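Working notes for the structure below.
What follows is calculated from the coordinates using simple rules that are stated; it is not laboratory data. All figures in this text were calculated on a predicted structure; none of them were measured in a lab. In this analysis, Cβ positions are derived from the backbone assuming ideal geometry, glycine residues included, and neighbour counts consider all displayed protein chains.
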Amino acid sequence: MLEDGYCRRFSYLRLSITDVCNFRCVYCLPDGYQCETDREFLTLKEIANTISAFAGLGTTKVRLTGGEPSLRRDLPDIIALAATTSGISQVAITTNGFKLPQLVDQWSAAGLTSLNVSIDSLDPRQFHAITGQDKLHTILDGVYKALGLGLKTKVNAVLLKPCGEGQLKNFLHWLKDTPVTLRLIELMQTGDNLSFFKLNHVSALPIKMQLLQQGWVQVLRDKTSGPAEEFSHPDYAGRIGLIMPYHSGFCDSCNRLRVSAVGKLHLCLFAEQGMDLRPVLSTGSIADIQQHLIGLMPQKKISHQLESGLTGATQHFSMLGG
Ligand code: SAM
Ligand code: SF4
């Protein structure tokens, strides 16, 4: 099992398969995707080696992310190879959802078990203003299709100050009858978004208080389930999860490691650098890759230092998948 110097065990791999994206989310790629340098994304073979090596060291869940993972044409093959790797029981994806209505049945047939779809607002105009794309209705159609296929579905929404009360009110109304988990994510600072962050960051703590006052109950989660706090309510089909990285203790339950689309291991979303796995990935020896991974684990720090404004190598989340 992969374990760091603080006795945290890592059973969850977030694997970025591209850094390209077709959206322009104001907090991530406000000027759209820019191809800064020549690079080659991990091949299917390298992805297979990565997942096998992690699986052999106790990883049970793989999340495919990006950039926008659905922009890779071989996504169904990647899902299938993750799903058929011995030891992997959950294959998830995080997507902006623009291809969901067309492709979600293929992904499901390939072995996808769950998905997170990013929807920052249920107001079509606000959604357009945040993402640069007028696609809210297409994406919602995709969410209903995913639910119809029996896929466990979460909706990621970044909390933004100007969206205020309206954002939560609309979501609460929707959750009455929609059996998804809404993940409200505090905006995080990255290398590129400092001025946006300063203007738009809001804490999720007042929302937690409001939910508790309105009869939502915190769900007891396993110690290994990661840092989200989750809430349920008997009158609602959906649940709410809060991601509060600026609150103390957030990193105590860290259970995940990240590999970028160019094969760098990031021990934290805000690590100072990624460690290049490609030289060992190309040897094809799973044992060599595993030895290498084990050797890197002591370098994982006890927590990020976001509260001091240290964002490490992460210029924007499209680089690494969030
Ligand atoms: N393109 C896909 C999507 O948007 O779902 C996958 C990659 S995206 C980087 C993963 C998640 O990170 C999305 O839910 C997005 O809203 C979130 N995200 C991006 N930048 C963020 C930031 N600065 N703070 C908090 N969440 C962020
Ligand atoms: Fe693209 Fe996702 Fe970033 Fe939005 S959050 S720009 S969809 S990578």
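Have a look at the DSSP beta bridges in the chain and tell me what percent are antiparallel, nearest 5.
Beta bridges within the chain, antiparallel portion: roughly 25 percent.
From zero up to wherever the largest Cα-Cα distance of region 229-321 sits, split into 10 Å bins and tell me the percent of pairs in each.
14, 37, 28, 16, 5, 0
Counting other beta carbons within 10 Å of each Cβ, put Arg73, Arg14 in order, fewest first.
With the sparsest Cβ surroundings first, the list reads Arg73, Arg14.
Could you give the size of the charge dipole of the chain about its Cα centre, using +1 on the Cβ of each K and R and -1 on the Cβ of each D and E, expressed in debye and rounded to the nearest 20?
The dipole of the chain has a size of about 440 debye.
What is the calculated FRET efficiency for Cys35 to Ala287, with r their C-beta to C-beta distance and R₀ = 41 Å, to the nearest 0.05?
The pair Cys35/Ala287 has a calculated efficiency of 0.70.
Arg125 label point, 7 Å along Cα→Cβ, cut-off 15 Å on backbone N: hits in region 150-193?
Residues 163, 166-167 fall inside that zone.
Springs between alpha-carbon pairs under 10 angstrom, Gaussian network model over the chain: which of Lys264, Lys154, Lys99 fluctuates most?
Lys99
Of the residues Thr60, Thr18, Thr43, which exhibits the maximal mean-square fluctuation in a Gaussian network model of the chain defined by a 10 Å Cα contact cut-off?
Maximum fluctuation in the GNM of the chain, among the listed residues, is at Thr43.
Which residue, His266, His173, His128, has the most motion in a Gaussian network model of the chain that connects Cα atoms within less than 10 Å?
His173
Between Ser232, Ala129, Val202, whose Cα lies farthest towards the positive end of the dipole of region 12-319 when Lys and Arg beta carbons carry +1 and Asp and Glu beta carbons carry -1, centred on the Cα centre?
The one lying farthest along the dipole's positive direction is Ser232.
Cysteines of the chain lacking any other cysteine beta carbon under 4.7 Å?
Cys7, Cys21, Cys35, Cys163, Cys251, Cys254, Cys268
Report, ordered by chain and residue number, the lysines lying within cross-link reach of Lys198, taken as a straight Cα distance under 26 Å and ignoring same-chain residues fewer than 8 apart.
Reachable lysines: Lys161, Lys169, Lys208, Lys301.
Taking the Cβ of each residue in Asp123, Asp222, Asp19, Asp38 as the centre, tally the other Cβ atoms inside 10 Å and list the residues starting with the fewest.
Final ranking by Cβ density, sparse to dense: Asp38, Asp222, Asp123, Asp19.
Percent of alpha carbon pairs in region 167-291 separated by more than 19 Å?
62 percent
Give a residue-ordered list of calculated ³J(HN,Hα) values for region 115-127 (Karplus: 6.51 cos²θ - 1.76 cosθ + 1.60, θ = phi - 60°; whole Hz; x for Gly, Pro).
Using θ = phi - 60°, the values come out as 9, 10, 10, 8, 9, 7, 8, 8, 8, x, 5, 5, 4 Hz.
Provide the FRET efficiency to the nearest 0.05 for the Gln305-Asp235 pair, computing r from the beta carbons and using R0 = 51 Å.
0.80
Can you pull the percent of Cα pairs in region 14-170 with separation above 26 Å?
Above the 26 Å cut-off, region 14-170 has 30 percent of its Cα pairs.
Give, to the nearest whole percent, the P(r) tail of region 12-319 beyond 27 angstrom, counting all Cα pairs.
Percentage above 27 Å: 42.
Which value in nm describes the separation of the simple spin-label points at Phe197 and Glu3, placed 7 Å from the Cα toward the beta carbon?
The two pseudo-label positions are separated by 3.3 nm.
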